[in-house]
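This report refers to the structure that appears directly beneath it.
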Amino acid sequence: MKKTWLVGVLVVIMIGVVAAGLALVYFLPLDLRERSPLQPIDFSHKLHAGTNAIPCLFCHRSATRSPVAGIPAVADCRACHQFISPDAPEIRKLMGYWDRREPIPWVRGHALPDFVYFPHMMHIRAKLACSTCHGEVAAMERVTRTASLKMGWCLGCHRQHKASIDCWTCHI
Amino acid sequence: MKRRTFLQLSGMTAAGALLAGCQSKNEKLIPFLVPPNEGVTPGLATWYASACRFCPAGCGILVRVSEGRAKKVEGNPLHPVNKGKLCARGQAILQELYHPDRVAQPLKRTGARGSGDFQRISWSEGLALLTGQLTALQRDKAADRLALLTPQLRGTLSELTTAFMGAFGSPYHLSFDLLAPDWLRRANRLNFSQASLPFYDLAETRYLLSFGADFVEYHLSPVQYSNAFGRMRQERDTVRGHFTYCGGRMSLTAASADRWLPARPGSEGALALAMARLILAEGLYDRDALPAGGLGAEALLKGLAAYDLHRVAELSGLGEGQIAEVAREFAATRPALAMAGEAVAFQTNGPEAVRAVQMLNLLAGNLNRPGGVYPDAGSPDGPENSFHELISLVERMQAGRIGVALVQGDPLHSIPPATGFPQALAKVPFVVSFSSLLDDTALQADLILPDHAALESWGDMIPLAGTREGVIGLMQPVVTPLFDTRQFPDVLLAVAHGLGGALAAALPRHSYQDMVKGALQKRVGRERGEGFEATWVELLRQGGLFGTSDNRDRGRMKGYRRVPGVSLPEPAQPHFAGDKQDFPLHLQVYPSIALYDGRGAPFPWLQQLPDPMTTVVWDSWVEINPQTAASLGISQGDLVEVTSPQGALRLPAVIYPAIRPDMVAIPLGQGHHGMGRYATGRGANPLALLATNIEGKDPQPAWNATRVRLTRISAKGELVTAGNTQGSFRSELIEM
């Protein structure tokens, strides 16, 4: 009698362990991407977009006409910083890249899988503010991802704005 | 270690590996260092129109370029030849641009010829070397010791090379292509006194009879003819054009036919005349066509008396009834069209056989009619005898009377060695190659001045035999050149200006781009006058100049008309190299649909494209009829030795039911000694087997007139196929 109980309890515990394991695998953040990755240069969005109020599109200039927003070429950074605080340590780093003819290896904070087609220009045309998805970048020293960028999050916004939720809209 | 610890450790390792495989890391975002000044928008592709120069068909292409990188090639819908379609070879020209073994800058030979030891030099040094050699020739008053070897060129490039050689003072410019349609030009010159190539109106015809013309694979303008063939079959509501193919090997074209007549090699001309005779005897010919050609039915019938059905049936190995049926169908259906192709033309009696096939077109009255044959507007004349020019140049080189040879292309791979070309080239003291890969010829060269890839080049491309209207396709660079290369014509111009004098005077422009632009300006100048810059941009945008009215008129005015009094074709008994006892099998060499004559071999996309008939990839093979194979004890995939009077090759065997038992066939294209990592040392080049002096006669381009024998070597042919050519695997297990 006692033995059967023991076996029963053991079976229940094992099922529990397996279930917990599966749940763990399901909820575990397998996406280990940094939300706020360290960048090769301590570029401050707060200083550029906040304090100096430079519009996003001044640097990310292809957002209105291309699927990707684009990041400024090293030459573009240099063009201003030849004159603006050229002696700051981070600017010296920038000039180092320029002198070595190396592009700056920025680390991507917002990424979607390859099977998702996300066109920036359509969202800009729909008069969405950049901050809807990217958060208040103008207040961030280092860019931190605020949105989950998961499909449910996309669909929520699409439903709210009565945008298409057909599969083929994004998965083309 | 205890068993328990081991299990624990391995479990942890497995779990760790699993998790590491699932997780993702932050990617890098790499900006431009300096933004390109051509209005490149990241993420948005730009499409540029250009032209394909892989084969002479010259299709129009559109190239998708993203952030300055060419990504995809498609057909140009505006181009009259390919109408938006493109073949696999055209798609693969991207891999020419990105080939990992491209010659990145000029090279000077340091080791022995063929050793592949080269030293990198600068362009100024390379040009100085070449100019020095040419100046020495000029100084010694030996300008005719310069030879230029190119494929058959057309348009501005042809004008440039002609002017260059003319002003330098050397007549030895050889334009040779293994598959060049010289034979068609010669036949047309004889029959119609114009050396134009034919444009077959396949789409409108109702009965097509092809004598060895593999127009789906490579014949003249394959994309155009494949498209037209589809329209002949399916475009009209009530008519589905009938197609009969005549030839000893079933090609992809033949496999698309309604009926296959596997005639004995060399008998096709006689077969055509037997059909002509039957059509005449039964009065089925076109009543107006004969007088227009200066012919009388009675006299013609008498002239063709030798080609009676019984004799020709014996000659060709076909049934009398079969031949008569096709002849009657051909004559009774209007419009009906007969084509002659390479399999027929490259026999000893080829030139006459081609004229015999044209006789059928005359009898059917389809010259210059819808569904018939028109002269092609693009190439009104061209080389008619380049093979004999090759032979005489080889003699000159052998005699040591050529001091400098400028070689564009890879003639060492694409000229049969029986011509003596390899030995002759070895005797030339200074060989310059313009290849962008270290191909067989470049490996033997003293100086390599690498050409741009097609997608980095300027040029005009006049399509070969693909339209009735005049078309000039324009090539423009779609990307910035990846390496320190220069275009072949620009090198010639630089040399001309370096030498100065008459050469610089004959070639006043400094860049080939300007020459092409000037040529186009001359063409459209008459029509549009002022403001050529805007027109030029528009021409580049649409991919060339398509269907100008003056070209259309010219094409219409000069239709085919038989020269009165020209002799009747007499396809004599064919001759073959190799004794019938020792060498019982006819060898047919044919261009592979993927690799063409070998220029596709360096591109892995084309190497891994399964041959449509045998599904072989990455190799060459010999096709053997099952009956012949059984008698020799050969089975699929065996290694066999193919021996001809000229040499021997080892190849894997493909048991191929769709070839005559007395024939074997080997595709062209493989067997390179160089040409980059994907082509080097792969397969075998069947040209090594071919004889050119057949039965003691003068050399002639009879690539299909060599006989061979087979010997089984082992079971290890290492044949890789994408499918089982014998049907599905172990299909005998499936009961029907």
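Quick notes
- With respect to (1) part of a helix (DSSP H, G or I); (2) surrounded by 17 or more Cβ atoms within 10 Å (Cβ to Cβ); (3) in contact with a Leu (Cβ under 8 Å, 6 or more places away or on another chain), the lone exception for B:LEU149 is condition (1).
- Looking at B:ALA167, B:ALA128, B:ALA112, just one residue is of a type in the set (A, V, I, L, M), in the same structural domain as B:ALA445 (by TED's automatic domain parsing) and assigned to a loop (DSSP other than H, G, I, E, B), and that residue is B:ALA112.
- Put simply, of B:GLU96, B:GLU125 the only residue that is buried (at least 16 other Cβ atoms within 10 Å of the Cβ) and closer than 27 Å to B:PHE483 by Cα is B:GLU96.
- Residue match in region B:300-308 (condition: crowded, with 21+ Cβ neighbours inside 10 Å and in contact with a strand residue (DSSP E or B) (Cβ under 9 Å, 6 or more places away or on another chain)): no
- Every residue from region A:87-109 that is closer than 22 Å to B:VAL34 by Cβ, free of Cβ contacts under 8 Å to residues at least 12 places away in the same chain and not in a loop (DSSP other than H, G, I, E, B): A:ILE91, A:ARG92, A:GLY96, A:ASP99
- The set of residues from region A:150-172 being in contact with a His (Cβ under 8 Å, 6 or more places away or on another chain) and over 22 Å from A:HIS110 (Cα atoms) comprises just one member, A:SER164.
- Selection within region A:68-114: residues that are of a type in the set (Val, Ile, Thr) and either within 12 Å of another protein chain (Cβ to nearest Cβ) or over 25 Å from A:THR144 (Cα atoms) (or both). The member of this set that is surrounded by the most Cβ atoms within 10 Å (Cβ to Cβ) is A:ILE104.
- When B:VAL73 is tested against the conditions (1) away from every other protein chain (no Cβ under 14 Å); (2) touching a Ser or Thr at 6+ places or on another chain (Cβ under 9 Å); (3) surrounded by 15 or more Cβ atoms within 10 Å (Cβ to Cβ); (4) over 22 Å from B:GLN607 (Cα atoms), the lone failure is (4).
- Residue within region A:47-58 that is outside any helix (DSSP H, G or I), under 23 Å from A:PRO119 (Cα atoms) and within 14 Å of chain B (Cβ to nearest Cβ) present: no
- Scanning region B:219-242 for residues that are more than 22 Å from B:THR467 (Cβ to Cβ) and not in a loop (DSSP other than H, G, I, E, B) gives a single hit, B:HIS242.
- The residue list B:ALA453, B:ALA442, B:ALA496, B:ALA465 contains one member that is on the phi > 0 side of the Ramachandran plot, among the aliphatic types (A, V, I, L, M) and crowded, with 22+ Cβ neighbours inside 10 Å, which is B:ALA465.
- The number of residues in region A:22-46 that are assigned to a helix (DSSP H, G or I) and more than 10 Å from chain B (Cβ to nearest Cβ) comes to 7.
- The conditions of being surrounded by 24 or more Cβ atoms within 10 Å (Cβ to Cβ), more than 22 Å from B:ILE694 (Cβ to Cβ) and more than 23 Å from the chain's Cα centre (by Cα) are met by B:ALA653.
- Test: residue in region B:366-377 that is touching a residue at least 60 places away in the same chain (Cβ under 8 Å) and under 20 Å from the mean Cα position of the chain (by Cα): yes
- Verdict on A:ARG65 being within 12 Å of chain B (Cβ to nearest Cβ), outside any helix (DSSP H, G or I) and free of Cβ contacts under 8 Å to residues at least 60 places away in the same chain: yes
- Hits in region B:272-299 (condition: in a helix (DSSP H, G or I), in contact (Cβ under 8 Å) with a residue 60 or more places away in the chain and over 28 Å from B:GLY248 (Cβ atoms)): B:ALA289, B:LEU290, B:ALA292
- Among the candidates B:THR205, B:THR156, B:THR162, B:THR244, the residue that is free of Cβ contacts under 8 Å to residues at least 40 places away in the same chain and of a type in the set (Ser, Thr, Tyr) is uniquely B:THR162.
The values are calculated or read from the model by the stated rules, or taken from the named source; none is laboratory data. This structure is a prediction, so every number in the text was calculated from the model and none was measured. Using ideal geometry, Cβ is built from the backbone for each residue, glycine included, and neighbour counts are taken over all protein chains shown.
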